[in-house]
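As structure tokens, the structure follows; a few thoughts come after it.
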Amino acid sequence: MKQPTTTVAVIGAGPAGLMAAEVLSQHGIQVDLYDAKPSVGRKFLLAGKGGMNITHSEPFAQFVGRYDQPQWLAPMLEKFGADDVRQWLLALGFDSFVGSSGRVFPTDMKAAPLLRAWLHRLREAGVKFHVRHRWLGWHESGALLFHTPESERLITANAVILALGGGSWPQLGSDGAWLPVLQQQGVETVPLQATNCGFDGDWSPYFAERFAGQPVKSSVVSFVDTQEQWQSKKGDFVITATGIEGSLIYAVSRQLREVINQNGQVTIQLDLLPHKTVEQVLAALLKPRGSASLASFLRKQLHIDGVYAGLLRECTTKEIFNDMTLLAQAIKALPLTLTKTRPIAEAISSAGGVSWCALDNDLMLKQLPNVFCAGEMIDWEAPTGGYLLTACFATGRRAALAALAAVSATKPSGV
């Protein structure tokens, strides 16, 4: 008599879901992969739009320290970390290289060929893709309930892996609509918040119109975090119509957001000339100006013009411009108050989601046996630089291996 097929339903076809499907299919499990969108891997493709940064080459201890929940993620990253990602890429036919910043990229820097090769391998392994299937939760019978363009569908499986993403870029699929579904099942969750995001300030209309889109290069951002410790980081950012964004701001977005959550706002200090001391800046400002305007003088002595001069005017007073000592101090520590993150829909990634307390060590929901979670829908966050994708891969793999162990003793049924 033919044995019933062991099936696992993977819901969400981003990097975590695709990795889970790959691991399961390699072990002879029938995988049905469901996604609400007409095509899969949409956010994966977006992540590679400017160059597919797939992981990071730094030492493991430093790598793990980039995550806000290292105690939970470290065991999974030990099993599938940066070196494993590079080997996985190679097995797909893509070599990789380490950039000057330590970030790792496929040699051609592109996401689309990589995704095509990955999907081809999954289909060859027997993974069945079901697009335009929006998961609605569970039917009263216990079956999985999906909305499709034709009708609602009920699906049963031996186990379920949820890889539904967070709340950023909802138009690509990760819209957080699963939160109330799991909350109704008694699953503990943490509110979704923007991370790797921009922030709003309070520009004047003139400044916003004149300088939105202008980059600020090689400056230092300093601020006091929620533990009353000074934090400083150097890099580049961009002026927006409502505030600031860019790689430097993304790198400290979690700390800035937490200060805003605690105090309602955060005041950062911008060092516009980090290669000079305040004494050197003051010495330049005290040189004879002659008939030159202050704007020309600043440009000649300190190369401060354009957006840098605009920031000084925007964030200081006339009195400060009339006192060279105060102006030197402002150039080295220009105060800028930020009041909120940009909307989560604009963020590169999100924090919050399924609480770690709701999961066991195998990423199974304690409230729902044989239902596992993976990827960004779990409450962790990390900066850009390959950390987000690597953790999605690692959690997808852990959930798949746990589901594999679980289904060995089950029959196809609802969950």
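The values are calculated or read from the model by the stated rules, or taken from the named source; none is laboratory data. Just so it is clear, the structure is predicted and the values come from calculations on it, not from any experiment. Reconstructed Cβ throughout: ideal geometry from the backbone, glycine too, with neighbour counts over all protein chains shown. Remember, those area values only see protein heavy atoms, side chains included, never the ligands or the DNA or RNA. Shrake-Rupley method; radii C 1.70, N 1.55, O 1.52, S 1.80 Å.
Starting from the Cα gyration tensor of segment 101-197, take the square roots of the eigenvalues, sort them a ≥ b ≥ c, and report rounded, prolate or oblate (rounded when a/c is under 1.5, otherwise prolate if a/b is larger than b/c, else oblate). In terms of gyration-tensor shape, oblate.
For the chain, just run the numbers: alpha carbon Rg, then divide by 2.2 N^0.38 Å, N being how many residues it has. Don't jump to the answer; show the numbers that get you there.
Numbers: Rg = 25.0 Å, N = 415, 2.2 N^0.38 = 21.7 Å.
It is 1.15.
Per the helix-only calculation at 222 nm, which mean residue ellipticity applies to the chain, given -39500 (n - 2.57) for every DSSP H run of n ≥ 4 and division by its residues, nearest 500 deg cm²/dmol?
So the helix-based figure for the chain works out to -10000 deg cm²/dmol.
In degrees, nearest 10, range 0 to 90: what is the angle between the Cα axis of helix 70-79 and the longest Cα principal axis of the chain? Once rounded, one gets 60 degrees.
As an exercise, take the mean of 1/r over every pair of distinct alpha carbons in segment 283-360, invert it, and state the Kirkwood radius in angstroms. Show your work: numbers first, answer last.
Working: mean 1/r = 0.0630 Å⁻¹.
One decimal place: 15.9 Å for the Kirkwood radius.
Taking label positions 7 Å along the Cα-Cβ direction at both Ser204 and Lys366, the computed distance is 5.6 nm, reported to one decimal. Measuring how big segment 313-358 is from its alpha-carbon positions, Rg and Dmax come out at 19.4, 59 Å. Per residue, segment 274-415 exposes 43 Å² of solvent-accessible protein surface, assessed with a 1.4 angstrom probe and all protein chains in place. Enclosing the Cα atoms of segment 329-415 in their convex hull gives a volume equal to 150 cubic angstrom per residue. In this label model, Lys37 and Ser222 are separated by 4.2 nm, measuring between points 7 Å along each Cα→Cβ vector.
Take the convex hull of the alpha carbons in segment 260-415; its mean projected area over all directions comes to 14.0 nm².
Taking only Cα atoms of segment 210-320, what ratio of Rg to Rh do you get with Rh as the Kirkwood inverse-distance radius?
Numbers: Rg = 15.6 Å, Rh = 15.5 Å.
Ratio of gyration radius to Kirkwood radius: 1.01.
Based on protein heavy atoms only, segment 28-138 ends up with 49 Å² per residue of surface accessible to a 1.4 Å probe. With distances taken between every two different alpha-carbon atoms, segment 142-202 has a Kirkwood hydrodynamic radius of 14.4 Å. Which angle from 0 to 90°, rounded to the nearest 10, does the C-alpha axis of helix 82-91 make with the longest principal axis of the chain? The answer is roughly 60 degrees.
How high is the relative contact order of segment 323-415? Use alpha-carbon pairs under 8 Å, at least six apart in sequence, and give a whole percent. Before the final figure, lay out the partial values.
Working: 73 pairs, mean separation 22.8, N = 93.
Rounded, it is 25 percent for segment 323-415.
In plain terms, the chain from Lys110 to Lys79 could stretch by 8.6 nm, reckoned as 0.36 nm per residue minus the Cα-Cα distance.
Ellipsoid fit via the Cα gyration tensor, segment 177-256: semi-axes of 31, 18, 11 Å, each the root of five times an eigenvalue, largest first.
State the extension gain, in nm to one decimal, for the chain segment bounded by Ser101 and Ser151, taking 0.36 nm per residue of separation less the distance between their alpha-carbons. Before the final figure, lay out the partial values.
On the way: separation 50, 0.36 × 50 = 18.00 nm, distance 4.93 nm.
Difference between extended and current length: 13.1 nm.
Of the accessible area of the chain, computed with a 1.4 Å probe over protein heavy atoms only, carbon and sulfur atoms account for 50 percent.
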